[in-house]
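Report on the structure given below.
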Amino acid sequence: MTATRKTTRATEALRAPYRVVEGGGVASARGFSAAGIHAGFKKEAESLDLALVLADAACPTAAVFTKSVFCAAPVLVSREHLGTASFGHARAILMNSGNANASTGQPGIEYVRESTRKAAEAIGCEPREVLMASTGVIGVFMPPGPLEEHIAPLLGCASHAGGHAAARAIMTTDTHPKECAVSYVSADPAYEGREFTVGGMAKGSGMIMPDMATMLAALTTDAPLDPALAYWALKAAADTSFNKVTVDSDTSTNDSCFLMASGQAAPAADGFAPFAEGSPAYCELAGALEAVCISLARQIAADGEGATRLVTVNLRGAADEADADRAARAIANSPLVKTAVFGHDANWGRIAMAVGKSGARFRQEDVVIDLMGLPVCQGGLSVAFDEKEALRRFEAPEVVIDVDLGAGPAATTVWTCDLTHGYVTINGDYRT
């Protein structure tokens, strides 16, 4: 497998007719079930706080994790279970909200090991085939009973329809669950007529600017992938979706994103082989995975803590990909840009300011800025525009900022949200 292919996004030439699965989520693909229950990590008795994604049998699984030095105990143990390459085989993913189990030292690590061991006993698999992810307050030790006592009830609730409960169980400050699934019929002659599904769920509302993952996400597919190819497909999809989201420029201690591939839509028992790197079948799958991840990423950005608007920053004309990302993130992370969006103020000067400080290479006289489709800056100079029309366009749920640096061929898209009074209130009261 060549290095250039490992991180290449799905080829644009192969646009399979992906169909959005109505009400779809992490258990939409064949070979998976899911569940979500209240186990006591959260105080409110009606709050779901323990989720399970379960494969019918151990299957190829890959993950990408936070790069934070302060990484949480479930991240450390899940890395151990998958190995240094971050791919292998797994049967289940346990996910809890209400406690991050981060900065809890050896007791926190032992808690995860014991929890995965107990879950493996109940499921009937090896402990290393159970992965775990947690979200919540940092620096608080896990309570002694909730997870172990609720593994059996959790397994008893697992079903094909349980993905919705699982998505609710991983929420913290999220205002709603985040789910997506797509299906498509393969045009690859080796799998022609076979329908494949990719589904997933994610959580994330604050402490969001991922580095190799998102706050928490679980993805599943019934396509046949070997573990290594599952990893490269996941990494490529994460790079163009979850890693392009920022709510507040902060990276969590717990970022974890998993992909499980059951292969049940084209089983080996029927003579099907795993997808080959670079094949039409793989490109179709990579495109579907990217589509699901982008949907989840946009949902995360739109549900940023206290947010009222999704903000999409399209940056083109950069000298290279690094400059494109640098400039786009400078805009998306700028408190002045984000508060201007909240205030419905078409203050394009703040966008120019952010690009100017980004370190990206360009000439001021080459820059073009459009705000919600309105030209506001051309050649680095102000363009007269209708302020009332701009105010009207701010009423849309998504505000789009387009910037062309005029310095080269590179482009990228980053998603963020506006910055409101609600963000301060939520984070000021988070622990209390």
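222 nm [θ] for the chain, helices only, -39500 (n - 2.57) per DSSP H run of 4+, per residue, to 500? Show your work: numbers first, answer last.
Details: 12 runs with 134 residues, N = 432.
Theoretical 222 nm ellipticity from helices: -9500 deg cm²/dmol.
Please get the size of the charge dipole for region 292-417, origin at its Cα centre, with Cβ charges of +1 on Lys and Arg and -1 on Asp and Glu, quoted in debye to the nearest 20.
Details: 13 positive and 17 negative charges, 46 e Å.
Rounded to the nearest 20 debye, it is 220 debye.
Over the chain, calculate the relative contact order: mean separation of alpha carbon pairs under 8 Å at least 6 apart, over the residue count, as a percent. Intermediate values should be presented prior to the final figure.
Numbers: 1145 pairs, mean separation 77.2, N = 432.
Over the chain, the number comes to 18 percent.
Mind ordering 153-165, 375-387 by average Cβ neighbours within 10 Å, highest first?
Working: 153-165: 18.5, 375-387: 14.0.
Highest-to-lowest ranking by the protection proxy: 153-165, 375-387.
From the backbone phi of region 66-74, what are the Karplus-calculated ³J(HN,Hα) couplings (6.51 cos²θ - 1.76 cosθ + 1.60, θ = phi - 60°) in whole Hz, Gly and Pro given as x?
In residue order, the calculated couplings are 4, 9, 4, 5, 8, 6, 7, 4, x Hz.
Would you compute, for the Cα atoms of region 313-432, the largest minus smallest coordinate along each principal axis and list the three values in descending order, in whole Å?
49, 34, 20
Set the bar at 26 Å for Cα to Cα. Now go through Lys43/Lys244; Lys203/Lys235; Lys42/Lys338; Lys235/Lys338 and name every pair that lies beyond it.
Lys43/Lys244; Lys42/Lys338; Lys235/Lys338
In a shell of Cβ-Cβ distance under 12 Å around Ala218, excluding Ala218 itself, what net charge do Lys and Arg (+1) and Asp and Glu (-1) give?
Here the charged neighbours net out to +1.
Suppose we take every Cα in the chain and form the convex hull; what volume per residue is that in Å³?
Measuring per residue, one finds 137 Å³ for the Cα hull of the chain.
Just add up the charged neighbours of Ala90: K/R +1, D/E -1, any other residue whose Cβ is under 10 Å from the Cβ of Ala90.
On the way: positive: Arg91, Arg128; negative: Glu126, Glu129.
Charge balance near Ala90 sits at 0.
Taking the Cα centre of the chain as origin and charging only Cβ (+1 Lys, Arg; -1 Asp, Glu), how large is the dipole, in debye to the nearest 20?
Result for the chain is approximately 440 debye, rounded to the nearest 20.
When the C-alpha atoms of region 147-204 are aligned to their principal axes, what extent does each axis show, in angstrom, from largest down?
48, 28, 15
How far is helix 280-302 tilted, in degrees, relative to the longest principal axis of the Cα atoms in the chain, given as a value from 0 to 90 rounded to the nearest 10?
Approximately 70 degrees, to the nearest 10.
With a sphere of radius 10 Å drawn around the Cβ of Asn99, what net charge do the other residues whose Cβ falls strictly inside it have (Lys, Arg +1; Asp, Glu -1)?
Charge balance near Asn99 sits at 0.
Using a Förster radius of 56 Å, what is the FRET efficiency between Gln106 and Ala273 based on their Cβ-Cβ separation? Nearest 0.05, please.
Here the calculated transfer efficiency is 0.80.
Going by alpha carbons, how many degrees (0 to 90, nearest 10) lie between the helix axis of 227-239 and the longest principal axis of the chain?
Its long axis makes an angle of about 30 degrees.
Keeping all protein chains in the complex and leaving out DNA, RNA and ligands, what accessible area do you get for Glu395 with a 1.4 Å probe, in Å² to the nearest 10?
Using a 1.4 Å probe on the heavy atoms, I get roughly 120 Å².
The values are calculated or read from the model by the stated rules, or taken from the named source; none is laboratory data. Because the structure is predicted, anything quoted here is derived from the model rather than measured. When we count neighbours, we look across all protein chains shown, and the Cβ atoms used for this are built from the backbone with ideal geometry, even at glycine. The accessibility values were calculated without ligands, DNA or RNA, using every heavy atom of the protein model including side chains. Shrake-Rupley method; radii C 1.70, N 1.55, O 1.52, S 1.80 Å.
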